[in-house]
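Accompanying notes for the structure given below.
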């Protein structure tokens, strides 16, 4: 076990972050979690208890305004119109 530490010192310890492209059998993932399971026939069965649901409140009498007004004029600008 001590020889592995000594071997690592001579090789130079890597201080770069571990990514999915580094290492054998390393899977970083995306922290999303599984929404179901795979079946024996190659399909995928969704477990609805694991599916994320978002409950949006009723905003009809809300005093907050949208970030952009619905009355703002429509802008149609292409790259050719701008001068670089």
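For the reader, a short list of remarks on this structure follows.
- Filtering 37, 22 for residues that are surrounded by 10 or more Cβ atoms within 10 Å (Cβ to Cβ) and modelled with pLDDT of 85 or more leaves a single hit, 37.
- Filter pass, residue 71 being exposed (fewer than 10 other Cβ atoms within 10 Å of the Cβ), outside any strand (DSSP E or B) and modelled with pLDDT of 75 or more: yes
The values are calculated or read from the model by the stated rules, or taken from the named source; none is laboratory data. Note that the coordinates shown come from a computational prediction; the quantities given were computed from them, not determined experimentally. So basically every Cβ, Gly included, is an ideal-geometry build from the backbone, and we count neighbours across all protein chains shown.
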